[in-house]
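Structure record follows, encoded as structure tokens.
The values are calculated or read from the model by the stated rules, or taken from the named source; none is laboratory data. Fair warning: this is a prediction, and the values are worked out from it, not measured in the lab. Ideal geometry is used to build each Cβ from the backbone, glycine not excepted, and the neighbour counts take in all protein chains shown. Ligands, DNA and RNA are excluded from the accessible area calculation, which covers all protein heavy atoms including side chains. Shrake-Rupley method; radii C 1.70, N 1.55, O 1.52, S 1.80 Å.
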Amino acid sequence: MNEHTTHPRSARRHPRALFGQMQVYAQNNPRAYAVRVMSAVLLMALLPPLVLCVILLDDWTAFVPVLLGAAAPVVVIGALMVWLMPKFLRRTLGTSTLHPDTDPVDLLEAKRQLRRGGLHERDEVNRIARVVAAQAEAKINSPKTVNVLSAVGLVMFGALTIMNYLLSGMDFDFFFTATFTLLFVAYLLFLGPWTKRYRQRARDFARLYDERAAVQEEAPGTVGG
């Protein structure tokens with residue numbers, strides 16, 4: 001049984017531990033995970049307007065075609081997500097996948113350990129952290145990829161912001177695209193350097209973990225000699 005520094009039941013209720021549980025499930029069941037996520041998105045997109053129609057309109061069935069029309073693009077995007085999710089995860093994770101029985105609390109602690117540096121006192125946390133460190137080496141997680149994608153987003157939304165300003169001034173569309181432009185500026189300034197530091201810490205951890213594993217493998221032979 002795993003031993004935690006915090007009470008297991010209270011730790012499992014932590015939002016980040018729940019997110020860790022979702023990560024473990026997504027990595028081992030990518031298509032089923034995509035189906036669940038897109039079903040929740042479809043429900044959240046259609047249920048509120050449907051409830052409002054039932055409450056506010058006498059003949060709410062007249063609004064059904066509009067709802068179906070709004071659902072169509074969500075369904076199409078959802079189908080693409082379900083199809084592409086396994087490929088996307090393989091690009092994001094490389095060849096390393098968390099074990100299906102990974103404790104989400106241990107996963108949370110393993111990620112903390114990667115940020116802190118050094119090895120954890122518990123072998124299980126170290127084993128999980130080694131998997132996460134290997135995932136950080138996937139090409140799509142590189143600082144160069146993050147910077148390129150951020151630059152593309154900045155150019156695209158920057159151009160849309162300028163175009164919206166020239167066409168209609170500082171209206172909703174202008175502020176909408178300007179918000180995303182600033183977001184991609186923040187990505188360039190902060191996400192790229194953070195990714196570089198995180199990847200280096202992951203490499204340092206992997207080196208320490210592999211060195212200790214090599215020593216432990218040699219130890220029995222040394223004692224026997």
Label-point separation, VAL75 to ARG212 (7 Å along Cα→Cβ), nm
5.3 nm
Solvent accessible area, Å² - THR102, 1.4 Å probe, full protein context:
10 Å²
Which ³J(HN,Hα) values, rounded to whole Hz and listed in residue order, are derived for region 120-135 from phi using the Karplus coefficients 6.51, -1.76 and 1.60 in 6.51 cos²θ - 1.76 cosθ + 1.60 with θ = phi - 60°, glycine and proline given as x?
7, 6, 9, 5, 5, 5, 4, 4, 5, 4, 5, 5, 5, 5, 5, 5
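Order VAL152, VAL125 by their accessible area, 1.4 angstrom probe, all chains in place, largest first.
On the way: VAL152 90, VAL125 0 Å².
Highest to lowest solvent-accessible surface, that is VAL152, VAL125.
Can you check what the net charge comes to around GLN113, using other residues whose Cβ is under 13 Å from the Cβ of GLN113 (Lys, Arg +1; Asp, Glu -1)?
On the way: positive: LYS111, ARG112, ARG115, ARG116, ARG122, ARG127, ARG130, ARG201; negative: ASP106, GLU109, GLU121, ASP123, GLU124, ASP204.
Net of charged neighbours comes to +2.
Given R₀ = 41 Å, what would the calculated FRET efficiency be for ARG203 paired with LEU84, taking r from the Cβ atoms and rounding to 0.05? Walk me through the numbers before you get to the answer.
Working: r = 29 Å, r/R0 = 0.71.
Efficiency, from the Cβ-Cβ distance: 0.90.
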ASN29 versus SER96, label points 7 Å from Cα toward the beta carbon: distance in nm?
2.5 nm
Which whole-Hz ³J(HN,Hα) couplings does region 154-161 yield from phi under the Karplus relation 6.51 cos²θ - 1.76 cosθ + 1.60, θ = phi - 60°, glycine and proline marked x?
5, 5, 5, 6, x, 5, 5, 5
Give me the extension gain from TRP194 to VAL64: residue separation times 0.36 nm, minus the current Cα-Cα distance, reported in nm with one decimal.
42.1 nm
Over the heavy atoms of SER142, what accessible area does a 1.4 Å probe trace out, to the nearest 10 Å²?
20 Å²
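Looking at this model, which pairs from LYS87/LYS144; LYS111/LYS196; LYS144/LYS196; LYS111/LYS144 are more than 19 angstrom apart at the alpha-carbon?
Numbers: LYS87/LYS144 21 Å; LYS111/LYS196 16 Å; LYS144/LYS196 9 Å; LYS111/LYS144 22 Å.
Exceeds cut-off: LYS87/LYS144; LYS111/LYS144.
Considering only protein heavy atoms and a 1.4 Å probe, what is the carbon-and-sulfur percentage of the accessible area of region 56-195? All intermediate terms of the calculation are to be shown ahead of the outcome.
On the way: 6160 of 8460 Å².
Whole-percent figure for carbon plus sulfur exposure: 73.
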Solvent accessible area, Å² - GLU121, 1.4 Å probe, full protein context:
150 Å²
